[in-house]
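The values are calculated or read from the model by the stated rules, or taken from the named source; none is laboratory data. Just so it is clear, the model here is predicted, and its values are computed rather than measured. Note that each Cβ is placed from the backbone with ideal geometry, even for glycine, and that neighbours are counted across all protein chains shown. Each accessible area value is taken on the protein alone, full model and side chains, heavy atoms only, with ligands, DNA and RNA left out. Shrake-Rupley method; radii C 1.70, N 1.55, O 1.52, S 1.80 Å.
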Amino acid sequence: MLCQSCGKRQATTHIKTILNGELKEYDLCSECANKMGYGSFFGNMGFDLDKLFGSFMDSFPTASRAAKRCQCCGSSFEDIARSGKVGCANCYDVFYEELIPSIQRIHGRTSHIGKLAHSAGTQVKIQNELARLKSELQKAIREQEFEKAAQLRDSIKELEKNNT
Amino acid sequence: MSEKKFDTLKDVNDVVISTRIRFARNLREYPFPCRLTDEKKRQVASIVKSAVLDGHSAISGRFGYIQMSELTQEEAVSLVERHLVSPEFISERQGRGLLLLDDESVSIMINEEDHIRIQVISQGMNLESTYDLADKIDTLLDEQLNFAFNDKLGYLTQCPTNIGTGMRASLMLHLPSLKESGAMGKISSSLSKLGLVIRGMYGEGTEPKGAIYQLSNQVTLGISEQEAVNNLRDIAYQLVTQERNARENLKKNITIQDKVYRSYGILQYAKLMSNEECMQLLSNVRFGVESEILTGIDLPTINRLFIEIQPATLMKNIGKKLTPQERDRIRAELVRSALMKPQVPSSHRLEE
């Protein structure tokens, strides 16, 4: 499809916007999209998702890619790469190796820090708690709250002991 | 919302209009929405709905459920204009549901890009308590639902850009001076290097109207919620400082002062006003108040007008469909009555 603004270049950006109370959808080329202030996230980050997945996929022989499908939702990696959408939670396990380079480029990191769901593994929960206690300990020392620091140190020891 | 916290941060409300925290969550047992049939979407909606409404928490009873397919087009668009749902959410309404808290500070979108999008919004700069409430609601749901979570990748989402914390924290900022001085392009590109992004008023893929921007964190993996919120706050304070500096220069400029007074005049007396013109004039007047060129108008009134003058919200509040010209007439009336209330005429200050 051609860009609806310039009518010359290929449209690559789909815009949904509210204009005068109506939902409008446009297909624009990246140049016109940028001009109109629709700079995309991927544009801002200096790459676009299609290209990212696309170039990565090129390094795989087509046959082996087509063969693997997620048994849970039926997605192939090609489906994911084309739509930029992962099919289900299980896909992240099945296509972990394929997805991780893109994840690395999007976030700059590949492992989660922060809140854990109750379904998280016990080991991760303990490690998360340890990391939290240690950063609190650092803070207590910095602020010279030695009584609190001693308590925190004991909790850390206790947790590490139980963990081994 | 703790009044005290609100008070100590009130000093940046000249720039910060509102605060928003959003969590993306999915149910482990179901494929993500792009792979769901309508039937499965209904199942997901009913599971999430009962997890919220039948919960034992005090907040459960304050939620109402809206089936998106049952709304009129105006009602749906008005939800976007009031920042309660994303434009994406109303583009296809089949199988989508919305849980809305009675005071509209919390909205839970079901089957948007992810099964669950929890969003908490509050006025002014209010990151801590907004985050706390979102976190609390998330924990309540986590106790009842089996969230898709991976020890290495954190919360799993349909788009890999949201995995990890699944959290997007954003601040709505009014940056007329930075926009006027042409600095926004440069700011936008340097922010992306810091893992933050600045966009138009209605988020992804929307243009900035009335110099209102949305600043939010971009990276969600490998950074804790707290750290992301702190980063956002630090950068927001820097932008506030930059905006204020730019404002000091602009406010002495007679052309700018003229623009502010003319805008105020038009808003007080015009009989017809388009949405676009109104946004621009309100932005100019807000600048006038921020820079103390104008007095006697409070910022919350202007913030409220930014939303109430939007076409669908206008029609929703009037309770009927209106032609564009009728809308322009009612919009002008609305603004006139909001700004014409007895107040010290700012002309007194002119002689200073």
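Residues in the range B:276-312 that are of a type in the set (G, A, S), farther than 22 Å from B:D328 by Cβ and crowded, with 17+ Cβ neighbours inside 10 Å: B:G288, B:S291. Of the residues B:I307, B:I223, B:I302, B:I266, the single one that is hydrophobic (A, V, I, L, M, F, W, C), closer than 30 Å to B:E74 by Cα and within 13 Å of chain A (Cβ to nearest Cβ) is B:I307. Among the criteria (1) in a helix (DSSP H, G or I); (2) under 24 Å from B:P311 (Cβ atoms), the one B:Q226 does not fulfil is (2). Scanning the range A:113-138 for residues that are over 22 Å from B:V219 (Cβ atoms) and within 7 Å of chain B (Cβ to nearest Cβ), we see that the one that is most open to solvent (accessible area, probe 1.4 Å) is A:H118. Selection of first residues in the range B:232-254 that are more than 16 Å from B:S188 (Cα to Cα) and of second residues that are not hydrophobic (A, V, I, L, M, F, W, C), restricted to Cβ pairs under 7 Å at least 6 apart or on distinct chains, gives the following pairs, ordered by first then second residue: B:A246/B:S177; B:A246/B:S181; B:R247/B:S177; B:R247/B:E290; B:R247/B:S291; B:L250/B:S177; B:L250/B:E180; B:K251/B:S291. Of the residues contained in the range B:24-31, none is found to be touching a strand residue (DSSP E or B) at 6+ places or on another chain (Cβ under 6 Å), free of Cβ contacts under 8 Å to residues at least 40 places away in the same chain and in the same structural domain as B:Y131 (by TED's automatic domain parsing). Whenever a residue of the range A:86-113 is in contact (Cβ under 8 Å) with a residue 24 or more places away in the chain, its partners that are of a type in the set (F, W, Y) and buried (at least 19 other Cβ atoms within 10 Å of the Cβ), lying with C-beta atoms within less than 8 angstrom and at least six residues away or across chains, give the pairs A:F95/A:F77; A:E98/A:F77; A:S102/A:F53.
Among residues of the range B:79-92 being more than 8 Å from chain A (Cβ to nearest Cβ) and assigned to a helix (DSSP H, G or I), the one that is surrounded by the most Cβ atoms within 10 Å (Cβ to Cβ) is B:L79. Entry remark, the range B:260-274: residues being crowded, with 20+ Cβ neighbours inside 10 Å and in a helix (DSSP H, G or I) number 4 in total.
Scanning for something more than 8 Å from chain B (Cβ to nearest Cβ) and of a type in the set (K, R), does the range A:99-112 turn up at least one residue? Looking through the range A:99-112, at least one residue is more than 8 Å from chain B (Cβ to nearest Cβ) and of a type in the set (K, R).
Assess whether B:E277 counts as being acidic (D, E), free of Cβ contacts under 8 Å to residues at least 40 places away in the same chain, within 14 Å of chain A (Cβ to nearest Cβ) and under 30 Å from A:L28 (Cα atoms). Show your work before the answer.
Details: acidic (D, E): yes; free of Cβ contacts under 8 Å to residues at least 40 places away in the same chain: yes; within 14 Å of chain A (Cβ to nearest Cβ): yes; under 30 Å from A:L28 (Cα atoms): yes.
The answer is yes for B:E277.
Of these, B:G210, B:G166, B:G185, which one is small (G, A, S), at the interface with chain A (Cβ under 10 Å from one of its Cβ atoms) and touching a residue at least 12 places away in the same chain (Cβ under 8 Å)?
Working: B:G210 fails: at the interface with chain A (Cβ under 10 Å from one of its Cβ atoms); B:G185 fails: touching a residue at least 12 places away in the same chain (Cβ under 8 Å).
Exactly one residue qualifies, and that residue is B:G166.
Please verify whether the range B:17-34 includes one or more residues that are modelled with pLDDT under 95 and part of a helix (DSSP H, G or I). Checked against the condition, which is being modelled with pLDDT under 95 and part of a helix (DSSP H, G or I), the range B:17-34 yields at least one hit.
Picking from residues in the range B:321-335 that are open to solvent by 80 Å² or more (accessible area, probe 1.4 Å) and in contact with a helix residue (DSSP H, G or I) (Cβ under 9 Å, 6 or more places away or on another chain), the one that is nearest to B:L84 (Cα to Cα) is B:K321.
Restricting attention to the range B:158-187, the residues that are out of contact with any Ser or Thr (no Cβ under 9 Å at 6 or more places or on another chain), open to solvent by less than 30 Å² (accessible area, probe 1.4 Å) and over 30 Å from B:D138 (Cβ atoms) add up to 4. Here B:I66 meets the list (1) open to solvent by 10 Å² or more (accessible area, probe 1.4 Å); (2) under 18 Å from B:S18 (Cβ atoms) almost entirely, failing just condition (2).
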